[in-house]
Amino acid sequence: MVPQGGFNDRLSLAQKREPKNTKSIYKSKKSSQRDTQNSQIWGNFVRYRPEIDGLRAVAVLPVILYHAGFESFGGGFIGVDVFFVISGFLITNIILKELDAGTFSLRDFYNRRARRIFPALLTVITLTTIFASVLMVPAQLKEFGQSVVASLVFSANIYFWLKVDYWGQSSEFMPLVHLWSLGVEEQFYLLTPLLFLFSKRKASLFFLFVGLTVASFAAMLYMYRIGEGATSFYLLPFRGWELAVGALAVPLQKRIKLHPLRDDLLAGCALLALVASVVIFDHRTAPVLIFGIPVLCSAILLLFCRSGLTARLLSTKPFVWIGLISYSLYLFHQPVLALYRISLPTPLNFSEAVVGIGLSFILATLTYKFIEVPCRRRSAGAQLNIYPALGAVLGTLLIAGFVLHSSSGLSKLKYAMMDERLKAVFIVYDAEVASREHMIDAVSTGTDLPFEQGDFTKILFVGDSLSGDLYAAATNSNDAKMAVRRIILDEVCVRTEGNSGANHEGGSCREGLDKFLGSTVLKQADVIVVANAWLSDADQLSKFLDYPQLSEKQIIVYKSHAFLNIKSVIMNLERFNFDPTSKDLEKFSYINRHQRTLNANSILQKIADSHDLETISSFDFFCDDISHSCRLFSRSGKPLLIDQAHLSGTGLTEFQSWFNAQLGNKIAGHLR
């Protein structure tokens with residue numbers, strides 16, 4: 001999932017008033033040295049505030065830990081929101097000071113932004129492209145090429161909005177998914193200077209930003225309310241209020257009289273609330289809280305963290321150092337973790353996650369020292385002309401991205417270079433993906449039409465894409481004693497009771513829940529099979545079972561399966577002598593069953609037992625608990641999955657007879 005963030009110049013912001021009778025943290029010898037170093041790079045027009053670098057550290061670390069898979073940091077993605085507020089604050093401060101001095105120039109502004117953004121960004125994308133070309137399979141590499149182009153033309157957020165569920169497991173394997181936030185910032189940088197430049201009165205501009213903040217915040221809440229959470233998450237019109245809050249903090253800081261004790265108390269409380277949000281919140285938290293609290297806390301820290309204990313804490317060397325490298329650190333961490341995951345046949349364990357984070361720190365430090373600083377440093381009043389080199393690298397990467405897309409991820413080249421045995425398995429895999437699509441498409445229309453009259457059991461499948469697999473399996477059974485229908489209802493809609501969130505495959509949760517509870521097929525159905533991925537929402541099954549419309553129905557709870565991504569398994573077949581039916585591979589697959597799914601299934605079973613409900617566990621189709629083995633390939637070597645959970649064409653064919661037998665037994669047992 002978070003996200004990602006506001007990366008701005010290490011600018012020294014002017015403080016026209018220092019606390020009276022209070023020793024300023026900016027007047028120490030070390031602080032003066034930092035000011036001098038900062039001036040050599042950025043000029044002397046603003047004073048350096050080290051605690052803002054410390055705040056960057058507070059923002060970037062939770063994001064990294066969240067992406068590394070540490071579940072204790074379920075709200076780590078809110079670091080993106082902190083970055084956005086810092087961006088709005090710093091950029092507005094720079095623009096206003098230069099406008100006041102009569103020195104503002106769009107050319108100079110965009111020059112500084114380009115020098116800040118592109119050297120490190122192009123370095124990261126170049127290295128990532130090289131390693132991705134080696135490690136990724138063609139299907140992954142094709143999508144990676146698309147993300148490269150989108151990231152280079154300031155539209156990564158739009159691309160990932162169209163392609164990716166940020167909270168989905170697939171995002172863990174996307175090296176550039178985190179650049180959506182940089183897309184938001186780049187768009188902000190393009191538009192904001194124009195507002196200031198063409199506004200004749202600062203007072204009117206202040207009220208314009210207030211209006212934009214209120215409108216953007218309200219629009220964000222509305223989009224979540226109607227089920228367009230992804231739109232609200234990725235796009236500038238619904239994120240702009242966070243940057244605008246930072247911008248509004250600039251004039252406010254001049255109106256707030258300094259009061260050391262009060263300021264330190266407010267800053268300390270804000271910092272504690274920010275840290276608590278990282279631990280307590282997750283993506284299921286109400287948007288007004290998960291976004292509102294981090295933004296408010298960040299604004300308070302920018303306004304009041306100017307002296308005292310909190311400022312001294314954030315100004316310590318470790319915090320400042322991490323803050324200084326935070327841009328490169330943020331850029332590197334997701335590619336390192338994603339490519340590491342792709343290269344491994346198993347999920348990242350604790351030690352591997354620590355190695356990935358450590359490598360990110362090393363790369364970020366080197367990039368900051370040898371790429372970022374030299375490209376921004378002034379020498380004798382001039383700066384290094386980096387644009388010919390930037391243009392060449394940018395053009396090369398754009399071409400590379402288009403080539404990766406148009407060549408279907410270098411499929412011919414990669415297949416030609418593969419071991420023939422591995423190549424044969426991937427060719428079969430591609431065929432299985434196409435076969436699945438054909439089988440799903442064949443039964444995708446009229447899934448929620450009313451049942452016809454007849455003497456047969458009417459079964460309604462309810463859930464996300466997993467229910468689609470079950471529906472396809474049951475539809476293809478040709479069992480005259482059963483009639484099946486399907487209604488899409490994501491678990492998030494159950495958790496929010498339809499009040500917010502997006503239903504699976506589009507539409508709002510409100511629409512999805514109302515459609516389900518008021519549907520004719522629900523009234524007609526004899527049996528309801530509920531099938532969702534659930535994961536952290538498994539306890540919400542109880543809420544689903546409380547709907548009065550289900551009181552007279554037989555409910556069957558489907559406990560889903562999930563394994564290692566099948567593409568990663570195929571890439572590592574060499575360790576099993578290229579034999580997909582290897583007993584060692586089956587034992588390996590058993591050991592590496594998806595733990596969160598197993599945990600969710602345990603919760604589902606307890607709830608089902610408490611309601612005296614039947615369950616079907618699809619792990620039983622794949623696995624044998626006696627021999628501790630799980631079969632992910634057919635006896636002829638065809639993959640049964642296309643990812644971690646969704647069935648392939650052969651998987652659907654083999655699964656349907658097993659599943660329909662299970663379903664029939666559960667229904668018959670209930671009738672007895």
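The values are calculated or read from the model by the stated rules, or taken from the named source; none is laboratory data. Here the structure is a predicted model, which means the values were calculated and not measured. No Cβ is skipped: glycine too gets one built from the backbone with ideal geometry, and neighbour counts run over all protein chains shown. In case anyone asks, the SASA skips ligands and DNA or RNA and just uses the protein heavy atoms, side chains included. Shrake-Rupley method; radii C 1.70, N 1.55, O 1.52, S 1.80 Å.
Is it the case that ARG635 is closer than 20 Å to GLU491 by Cα and modelled with pLDDT under 95? Answer is no for this residue. Based on what the data block shows, is VAL245 hydrophobic (A, V, I, L, M, F, W, C) and under 30 Å from GLY507 (Cα atoms)? No. Sort out which residues of the stretch 197-206 are surrounded by 10 or more Cβ atoms within 10 Å (Cβ to Cβ) and either at pLDDT 85 or above or among the basic types (Lys, Arg) (or both), and write them in order of number. Within the stretch 197-206, LYS202, PHE206 meet the criteria.
Between ARG284, ARG306, the distinction of being within 26 Å of PHE70 (Cα to Cα), open to solvent by 10 Å² or more (accessible area, probe 1.4 Å) and basic (Lys, Arg) belongs to ARG284 only.
Just name the residue that is farthest from LEU652 (Cα to Cα) out of those in the stretch 426-448 that are outside any helix (DSSP H, G or I) and open to solvent by less than 50 Å² (accessible area, probe 1.4 Å). Result: GLY446.
Yes/no matrix, rows are residues, columns are (1) open to solvent by 10 Å² or more (accessible area, probe 1.4 Å); (2) charged (D, E, K, R); (3) in contact with a Leu (Cβ under 7 Å, 6 or more places away or on another chain):
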residue: VAL529; (1), (2), (3): no, no, yes
residue: LYS543; (1), (2), (3): yes, yes, no
residue: TYR547; (1), (2), (3): yes, no, yes
residue: ALA562; (1), (2), (3): no, no, no
residue: PHE588; (1), (2), (3): yes, no, no
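What single numbered condition from (1) open to solvent by less than 50 Å² (accessible area, probe 1.4 Å); (2) farther than 25 Å from VAL153 by Cα fails to hold for ILE362? Just one mismatch for ILE362, condition (1).
For the stretch 595-611, residues that are closer than 18 Å to LEU663 by Cβ and open to solvent by 20 Å² or more (accessible area, probe 1.4 Å) total 1.
Among residues of the stretch 495-511 being at pLDDT 70 or above and not in a helix (DSSP H, G or I), the one that is surrounded by the most Cβ atoms within 10 Å (Cβ to Cβ) is ALA502. Here GLY391, GLY446 are screened, and the one residue that is out of contact with any strand residue (DSSP E or B) (no Cβ under 8 Å at 6 or more places or on another chain) and closer than 20 Å to THR129 by Cα is GLY391. Of the set (1) at pLDDT below 90; (2) over 21 Å from ALA286 (Cβ atoms), all apply to GLY268 but (1).
Residue count for the stretch 130-158 satisfying the condition of being open to solvent by 10 Å² or more (accessible area, probe 1.4 Å), touching a Gly at 6+ places or on another chain (Cβ under 8 Å) and among the hydroxyl-bearing types (Ser, Thr, Tyr): 1.
When we screen PHE451, PHE402 for residues that are open to solvent by less than 50 Å² (accessible area, probe 1.4 Å) and of a type outside the set (Lys, Arg), the only hit is PHE451. Of the listed requirements (1) β-branched (Val, Ile, Thr); (2) under 29 Å from TYR166 (Cα atoms); (3) open to solvent by less than 20 Å² (accessible area, probe 1.4 Å), VAL492 misses just one: (3).
Table: residues versus (1) modelled with pLDDT under 90; (2) under 25 Å from SER408 (Cα atoms).
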residue	(1), (2)
ILE125	no, yes
ILE158	no, yes
GLN169	yes, yes
GLN187	no, no
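Listed by first and then second residue, the pairs linking a residue in the stretch 345-359 that is under 18 Å from SER568 (Cβ atoms) and open to solvent by less than 30 Å² (accessible area, probe 1.4 Å) to a residue that is part of a loop (DSSP other than H, G, I, E, B) and polar (S, T, N, Q), with Cβ atoms under 8 Å apart and 6 or more places separating them unless they lie on different chains, are PRO345/ASN572; PRO345/ASN592. Applying the selection to the stretch 86-132, what residues are among the polar types (S, T, N, Q) and within 18 Å of LEU331 (Cβ to Cβ)? Correct list: SER87, THR123, THR126, THR128, THR129. Looking across the stretch 226-242, just one residue is open to solvent by 60 Å² or more (accessible area, probe 1.4 Å) and out of contact with any strand residue (DSSP E or B) (no Cβ under 8 Å at 6 or more places or on another chain), and that is PRO237. Of the residues examined, PHE209 is one that is at pLDDT below 95, surrounded by 18 or more Cβ atoms within 10 Å (Cβ to Cβ) and not acidic (Asp, Glu).
Tallying residues that are part of a helix (DSSP H, G or I) and either in contact with a helix residue (DSSP H, G or I) (Cβ under 7 Å, 6 or more places away or on another chain) or on the phi > 0 side of the Ramachandran plot (or both) within the stretch 216-228 yields 7. Residues that are open to solvent by 10 Å² or more (accessible area, probe 1.4 Å) and more than 24 Å from LEU190 (Cα to Cα) within the stretch 69-99 comprise GLY69, PHE70, GLU71, SER72, PHE73, GLY74, listed in sequence order. Being crowded, with 18+ Cβ neighbours inside 10 Å and either assigned to a strand (DSSP E or B) or not basic (Lys, Arg) (or both) is the requirement here; does ALA668 meet it? For ALA668, the condition - crowded, with 18+ Cβ neighbours inside 10 Å and either assigned to a strand (DSSP E or B) or not basic (Lys, Arg) (or both) - is not met.
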